[in-house]
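Asker: Please read through the structure below; I'll follow up with questions.
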Amino acid sequence: SRYERCAGGAVGGWVLEQCVVRTPDGQCQAHFAVRDPQGKISIKPTVEVAGICYLPYAASTRVITRDVVHFPEKPMLYGTANELVGEIRRFLHRYLDIDPFYEKMASYYILFTWMYDLFENLPYLRALGDYGTGKTRFIQTIGALCYRPMFVSGATTVSPVFRLLDAFRGTLVIDEADFNNSDAENEIIKILNVGYYRGGVVLRSEKDPDSDVYFPSVNEVYGPKILATRKPFQDRATESRCLTKRMTTRRPRPGIPYTLSNEFWQEATAIRNKLLMYRLVNHRPITLDQSLADESVEPRLNQVTLALKTMIDDPVTRAEIDTFIRAYNDQMIGERQLTIP
């Protein structure tokens with residue numbers, strides 16, 4: 001046997017997910033929520049599969065204790081998938097002021113992040129707007145419900161970003177993602193450009209601690225991402241991976257709190273617990289419905305949105321997303337025509 005730290009995944013017919021519980025004295029405890037090959041769901045401190053003993057990341061890890069990475073606490077019953085989407089949407093409506101269509105699409109995107117590893121490609125969500133338009137609230141509210149959200153800022157260097165992605169394989173949430181150069185040469189832009197498809201990796205040279213020998217290390221960067229920027233990316237390839245919400249300077253809807261209290265994070269944890277149960281119950285191979293592709297838009301937009309549309313069983317919502325994607329396609333073509341290349 002050998003031991004391996006992991007935050008969870010699907011291994012040999014098992015589905016395991018790390019959970020973190022905060023005790024009344026402020027300490028954190030980690031364990032796995034598990035679905036075995038027979039479909040039984042249980043809580044285990046470790047899981048052994050094919051001679052490998054998987055352990056959760058230590059709850060004392062600073063990225064956990066300082067709330068950089070968020071986990072559910074335990075699986076909880078959620079009713080039906082439509083009821084779960086409805087609860088997610090009510091949560092977003094209570095804390096975030098966006099139009100009804102994007103509110104609905106974001107709700108399905110949150111559900112999609114909990115199953116993203118079953119698909120080959122995925123899109124990113126992005127809030128675009130000046131300061132004071134609600135971009136930070138956008139990524140906080142949506143990101144808090146996503147699969148293993150990892151909250152970082154644009155001031156973060158590239159090294160911890162790809163290491164976080166490789167270790168926790170969750171949803172990267174970046175505030176102030178306006179990097180000094182957002183063109184194709186920027187390292188974080190390269191991570192965003194390869195992180196939308198399965199197999200997207202970052203290679204780095206690592207030194208052997210016991211010798212002077214260097215060896216290549218492979219860091220997985222595939223996964224959902226929630227971004228907030230003031231300006232469009234200079235690299236048009238990055239733009240084509242984003243489903244963008246343009247934020248406005250109008251005052252938020254009456255009733256939306258100006259600050260987020262502990263109640264917000266408690267509600268978010270309760271919904272993540274239900275989303276955890278949704279993943280444990282429903283995680284099995286999904287076949288993409290190729291008939292949902294829209295031939296009137298560029299192939300890249302079909303590539304990144306087909307998985308999301310496959311997860312949506314409401315034909316009205318699918319039609320609304322198609323309308324949104326066509327308008328986004330026309331906008332990207334128009335902006336590209338104004339560039340010298």
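The values are calculated or read from the model by the stated rules, or taken from the named source; none is laboratory data. Just so we're clear, the structure is a prediction, and the values are computed from it rather than from any experiment. Cβ placement follows ideal geometry from the backbone for every residue including glycine, while neighbour counts extend to all protein chains displayed. What goes into the accessible areas is simple: the full protein's heavy atoms, side chains included, and nothing from ligands, DNA or RNA. Shrake-Rupley method; radii C 1.70, N 1.55, O 1.52, S 1.80 Å.
Asker: Rounded to whole Å, give me the distance from the Cα center of the stretch 197-262 to that of the stretch 98-166.
Answerer: 8
Asker: What is the magnitude of the charge dipole of the stretch 92-243 about its Cα centre, with +1 placed on the Cβ of each Lys and Arg, -1 on the Cβ of each Asp and Glu, and no other charges, expressed in debye to the nearest 20?
Answerer: Computed charge dipole of the stretch 92-243: roughly 480 debye.
Asker: Report relative contact order for the chain in percent, whole number only (criteria: Cα-Cα under 8 Å, sequence separation at least 6).
Answerer: 20
Asker: Let me ask something else. How big is the equivalent ellipsoid of the stretch 289-341 along its three axes, where each semi-axis is √(5λ) from the Cα gyration tensor, reported in whole Å from largest to smallest?
Answerer: Here the semi-axes work out to 24, 11, 7 Å.
Asker: Within the stretch 133-151, what residues put their amide N at less than 18 Å from the label point 7 Å along the Cα-to-Cβ vector of residue 230?
Answerer: Residues 133-139 qualify, since their backbone N sits under 18 Å from the label point.
Asker: Of the GluC sites (Glu not before Pro) in the stretch 60-142, which ones lie in a loop per DSSP and count no more than 14 other C-beta atoms within 10 Å?
Answerer: 120
Asker: Could I ask something else about it? Mind listing the long-range amide H neighbours of residue 57? Cut-off is under 5 Å, sequence gap 5 or more, other chains count too, H placed in the peptide plane at 1.01 Å from N.
Answerer: 6
Asker: Further, regarding this structure: Check each of the trypsin sites (Lys or Arg not before Pro) in the stretch 247-314 and keep only those in coil by DSSP with at most 11 other C-beta atoms within 10 angstrom; list them in order.
Answerer: Hits after loop and neighbour filter: 250.
Asker: Here is a further query. Kindly flag which residue pairs out of 104/274; 135/309; 104/225; 40/104 have an alpha-carbon separation exceeding 27 Å in this structure.
Answerer: Where the Cα-Cα span goes over 27 Å, the pairs concerned are 40/104.
Asker: Under 1.5 on a/c is rounded, so check that first for the stretch 230-276, then, if it is not, pick prolate when a/b is larger than b/c and oblate when it is not; a ≥ b ≥ c are the square roots of the alpha carbon gyration tensor eigenvalues.
Answerer: In terms of gyration-tensor shape, oblate.
Asker: Now, a different point. Run the 1.4 Å probe and let me know the accessible area of residue 53, rounded to the nearest 10 Å².
Answerer: 20
Asker: Run through the stretch 249-341 and list the GluC sites (Glu not before Pro) located in a DSSP loop whose Cβ has at most 14 other Cβ atoms within 10 Å.
Answerer: Answer by residue number: 295.
Asker: Let me ask something additional. Calculated from DSSP H runs of 4 or more alone, at -39500 (n - 2.57) each and per residue, what is the 222 nm mean residue ellipticity of the chain, nearest 500?
Answerer: -11000 deg cm²/dmol
Asker: Using the heavy atoms of the protein chains alone and a 1.4 angstrom probe, what is the accessible area of the chain per residue in square angstrom?
Answerer: Per-residue value: 47 Å².
Asker: Does the stretch 232-341 come out rounded, prolate or oblate by the C-alpha gyration tensor, with a ≥ b ≥ c the root eigenvalues, rounded set by a/c under 1.5 and, if not, prolate when a/b is larger than b/c and oblate if not?
Answerer: oblate
Asker: In the chain, what percent of the accessible surface is made up of carbon and sulfur (1.4 Å probe, ligands and nucleic acids excluded)?
Answerer: Looking at the chain in its full context, I get 52 percent from C and S.
Asker: Quote the accessible area belonging to residue 265 in square angstrom, nearest 10, computed with a 1.4 Å probe and with ligands, DNA and RNA left uncounted.
Answerer: 80
Asker: Between the stretch 25-57 and the stretch 291-341, how far is it from one alpha carbon centroid to the other, in angstrom?
Answerer: When both Cα centres are located, 39 Å separates them.
Asker: Could you work out how far apart the two model spin labels at residue 4 and residue 237 are, taking each label as a point 7 Å from the Cα in the direction of the beta carbon, and quote it in nm?
Answerer: In this crude spin-label approximation the distance works out to 3.0 nm.
Asker: Pull out a ≥ b ≥ c, the square roots of the eigenvalues of the alpha-carbon gyration tensor of the chain, then state rounded if a/c is under 1.5, prolate if not and a/b is larger than b/c, and oblate in the remaining case.
Answerer: rounded
Asker: What is the dipole size for the chain, taken about its Cα centre, with +1 at each Lys and Arg Cβ and -1 at each Asp and Glu Cβ, in debye to the nearest 20?
Answerer: 680
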